[in-house]
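Here the structure comes first, spelled out in structure tokens, and everything after it is commentary.
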């Protein structure tokens, strides 16, 4: 099993916002996030997926081998959360991908990767 | 709120630039020397087309109430730095149940020869 534990920071979320172009203020501004009913600013689901993909790539033998990645965003990730991302074999060319926070709650569910040569 | 299932949006061209790729790779903790990270599709595929949906007055997607519930990418190959790709999106389905709207948004990204590089499927959930 390949695993990576990431403690999310505001700086990392802001860097992802900048690099991805997703500058939605719910990822950058606590007040705006609270005004729409969130606990404060939250990480992008796509940042979680991006990290999950690096773990799946490690298990697949390199990022260029990934052929498919599907995730369900099941829980919010906020700065300070420590999320363990893992990928484990689930049959020929298939991986089961998981992301679980420090409370044992899955933030990505029903997540799978496929890879090839 | 108007259901817009079947709607397609104009194709969008995007050049995959090395600096942007390196910044993206660092932000997800990938090695920038490994080439274009697979989920850079969040930029060249979903990222260039989702604003078309969000900016579509007839689709009337309330961005503040939107959750990205699911995402899937399928790659035929991974594009290289310096390539220009073209992404075209459509609303695959648009349904509402008990005041919650579900929009399935699909984007096909092709290379300059017209071959598919990546298919993206996003499920957006919009609370009323």
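The values are calculated or read from the model by the stated rules, or taken from the named source; none is laboratory data. Computed from a predicted model, the values in this text were never measured in an experiment. Here the Cβ positions follow ideal geometry from the backbone for every residue, glycine too, while neighbour counts run over all protein chains shown.
Structure above, values below:
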| item | result |
| --- | --- |
| Selected residue (only one of B:89, B:60 is at pLDDT below 95 and farther than 22 Å from residue A:77 by Cα) | B:60 |
| Scope segment A:56-74; condition crowded, with 19+ Cβ neighbours inside 10 Å, over 12 Å from residue B:38 (Cα atoms) and more than 8 Å from chain B (Cβ to nearest Cβ); matching residues | A:59, A:60 |
| Any hit, segment B:74-82, residues being more than 10 Å from chain A (Cβ to nearest Cβ), surrounded by 18 or more Cβ atoms within 10 Å (Cβ to Cβ), in contact (Cβ under 8 Å) with a residue 60 or more places away in the chain and not in a helix (DSSP H, G or I) | yes |
| Enumeration of residues in segment B:15-51 that are surrounded by 14 or more Cβ atoms within 10 Å (Cβ to Cβ) and in contact with a strand residue (DSSP E or B) (Cβ under 6 Å, 6 or more places away or on another chain) | B:38, B:41, B:44, B:45, B:46, B:48, B:49 |
| Residues located in segment A:15-33, provided they are under 17 Å from residue A:80 (Cα atoms) and either more than 10 Å from every other protein chain (Cβ to nearest Cβ) or more than 17 Å from the chain's Cα centre (by Cα) (or both) | A:27, A:28, A:29, A:30, A:33 |
| Of residues in segment A:1-49 being under 24 Å from residue B:48 (Cβ atoms) and in contact (Cβ under 8 Å) with a residue 40 or more places away in the chain, the one surrounded by the fewest Cβ atoms within 10 Å (Cβ to Cβ) | A:13 |
| Segment B:56-73 - residue that is over 14 Å from the mean Cα position of the chain (by Cα) and within 24 Å of residue A:31 (Cα to Cα) and, of those, farthest from the other protein chains (Cβ to nearest Cβ) | B:61 |
| Scope segment A:22-55; condition farther than 11 Å from residue B:39 by Cα and in contact with a strand residue (DSSP E or B) (Cβ under 6 Å, 6 or more places away or on another chain); matching residues | A:45, A:55 |
| Conditions (1) farther than 29 Å from residue A:7 by Cβ; (2) within 14 Å of another protein chain (Cβ to nearest Cβ); (3) touching a strand residue (DSSP E or B) at 6+ places or on another chain (Cβ under 8 Å); number of the one not met by residue B:95 | (2) |
| Qualifying strands (runs of 3 or more DSSP E) (wholly inside segment A:44-117; at least 3 residues being closer than 17 Å to residue A:1 by Cα) | A:82-89, A:94-100, A:106-115 |
